[in-house]
Structure formats: structure tokens, C-alpha cells
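Encoded as C-alpha cells, the structure appears first; notes follow it.
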Amino acid sequence: MPAMLANVVVDLFIQGGPIMYPIAVVTVFAICIFIERVFWWLRFSAKRSVKQLDEVYEKLEAGNLAQAITQAAKSTDPVVRMIHHGLNHRHTSMQGALEVAAGQELRDAGRFLSAMDTIVTLAPLLGLLGTVTGIMGSFTSIGSSELAVEKVTGGIGEALIATAAGLGIAIGTLVPMNYFHSRLAALKFDLEAAANNVLILAAQHGFDKVGTKA
């Protein structure tokens with residue numbers, strides 16, 4: 001059964017015409033990005049720890065800055081890691097340090113999303129190009145030989161296969177791209193909420209003022 005399926009795929013690929021080669025490249029690129037992003041988010045989810053975040057909040061709320069910094073330093077949670085960066089730079093600009101650390105986390109989380117967006121746009125255009133070249137081949141073959149009918153139907157088949165392939169890639173990329181965008185938006189909210197909480201707690205005890213001692 002797998003061999004038969006592979007033969008069908010190869011036949012469709014050949015019948016799709018030359019435009020199927022760039023479509024194949026885009027497909028491989030999309031699959032690689034999808035796999036990389038899935039594993040990245042799995043690792044990211046494994047690092048998240050609400051318990052560690054709450055413990056840092058508790059230390060700050062109690063006024064134990066040194067313990068809060070020590071607790072944050074031990075964590076692998078990206079949100080707690082941002083807090084640690086902000087607390088370590090409280091003498092210069094805690095808010096600025098938090099924004100920089102949050103930006104780094106968001107940059108890593110949003111990696112390759114622009115490439116996925118490009119694939120969603122590019123794949124249907126390649127399919128449309130295959131449609132145009134296939135139809136052009138059909139019209140140029142009319143009346144040129146005894147096999148004109150076969151060439152016309154072959155050109156139409158090429159156009160339909162290329163179009164279907166382009167749309168399939170775009171649809172298959174759009175769904176995970178939107179999911180990754182939603183995860184990115186959720187992370188952005190968590191980082192902003194954590195940064196605001198830290199700034200509020202730090203202001204209550206004066207930890208954000210220059211000259212503050214741990």
C-alpha cells in the first residue's frame with residue numbers, strides 16, 4: 001500500500017509539470033519549519049513553572065530581594081528568567097531590562113513565523129503559475145498534431161495538479177502558523193503581566209530605586 005501511494009504521488013508530481021519542483025522545495029521548507037517549531041514549543045512548555053514564578057512573587061512581596069534573585073536564578077522558566085534579568089539591572093533601569101529580556105524571549109518564540117507567512121502567500125501563487133503554464137501548453141498544442149486532444153487534456157491536468165498542490169501547502173501551513181501566533185500572543189501576555197507585577201512589587205519596597213541594597 002505505501003508503495004502504491006508513493007507511485008501515485010510521483011505520477012502526480014510528474015503530471016504537474018516543471019512548476020512542481022519549486023512547489024516541492026516550498027513543501028520541504030514548510031515541513032522543516034513546522035517540525036522545528038513543534039519541538040521548540042514542547043521544550044518551552046516543559047520549562048514553564050507557575051510554582052517557581054509564584055515563589056519569586058512571594059519573596060518580592062515579603063521584601064526579600066536577595067532571595068528573590070537567588071530563586072529566579074535557579075529557574076529555567078523564560079518568564080522567571082526575564083524577572084531575574086530585570087532584578088539584576090534594578091540600579092539602572094529595571095523596566096528597560098525587563099523589556100529587553102521579554103523582547104529576546106518573544107524573538108525566539110516568533111522565529112520563522114514570517115517565513116511561514118511567506119509560504120502561505122507564495123504556495124498559491126506558484127500553483128497559479130502552474131495553472132497558467134499548463135493552460136498555455138494546452139492552447140499551443142491545439143491543431144499542432146494528431147495527439148492534440150491528449151496534449152490539451154495533459155495541460156489542463158497539469159494546471160489542476162499545480163493549483164491543488166499550491167493550495168494544499170498554503171492551507172497546511174496556515175493552520176499551524178495561526179496556532180503558533182496564538183502561542184506567541186499568550187507568551188507576550190504572560191511576560192507583560194509578570195513584568196508589571198514585578199515593577200509593582202519592586203516599587204512597594206523601593207527596589208527599583210538607584211542605590212538600593214539587596
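The single condition among (1) within 30 Å of V26 (Cβ to Cβ); (2) in contact with a helix residue (DSSP H, G or I) (Cβ under 9 Å, 6 or more places away or on another chain); (3) open to solvent by 30 Å² or more (accessible area, probe 1.4 Å) that E36 does not meet is (2). Would region 2-20 turn up any residue that is in contact with a Leu (Cβ under 6 Å, 6 or more places away or on another chain) and under 25 Å from T131 (Cβ atoms)? The answer is yes, given that some residue of region 2-20 is in contact with a Leu (Cβ under 6 Å, 6 or more places away or on another chain) and under 25 Å from T131 (Cβ atoms). Take S93 and decide whether it is hydroxyl-bearing (S, T, Y), over 23 Å from the mean Cα position of the chain (by Cα) and surrounded by fewer than 20 Cβ atoms within 10 Å (Cβ to Cβ). It is true that S93 is hydroxyl-bearing (S, T, Y), over 23 Å from the mean Cα position of the chain (by Cα) and surrounded by fewer than 20 Cβ atoms within 10 Å (Cβ to Cβ).
Screening the candidates N178, N197 for the property of being at pLDDT below 95 and under 33 Å from the mean Cα position of the chain (by Cα) yields one hit, N197.
When W41 is tested against (1) within 26 Å of N197 (Cα to Cα); (2) open to solvent by 20 Å² or more (accessible area, probe 1.4 Å), just one condition goes unmet, and that condition is (2).
Scanning region 51-90 for residues that are exposed (fewer than 14 other Cβ atoms within 10 Å of the Cβ) and outside any helix (DSSP H, G or I) gives A62, G63, K74, T76.
Does R48 satisfy the condition of being more than 17 Å from G166 (Cβ to Cβ), surrounded by 18 or more Cβ atoms within 10 Å (Cβ to Cβ) and charged (D, E, K, R)? Spelling it out, it is not the case that R48 is more than 17 Å from G166 (Cβ to Cβ), surrounded by 18 or more Cβ atoms within 10 Å (Cβ to Cβ) and charged (D, E, K, R).
Out of the residues in region 113-142 that are over 17 Å from V175 (Cβ atoms) and open to solvent by less than 40 Å² (accessible area, probe 1.4 Å), which is modelled with the lowest pLDDT? Only one residue fits best here, namely S141.
The values are calculated or read from the model by the stated rules, or taken from the named source; none is laboratory data. Values in this document were obtained by computation on a predicted structure and should not be read as measured data. Please note: Cβ atoms are built from the backbone with ideal geometry, for glycine as well, and neighbour counts cover all protein chains shown. All accessible areas refer to the heavy atoms of the entire protein, side chains included, with ligands and DNA or RNA removed. Shrake-Rupley method; radii C 1.70, N 1.55, O 1.52, S 1.80 Å.
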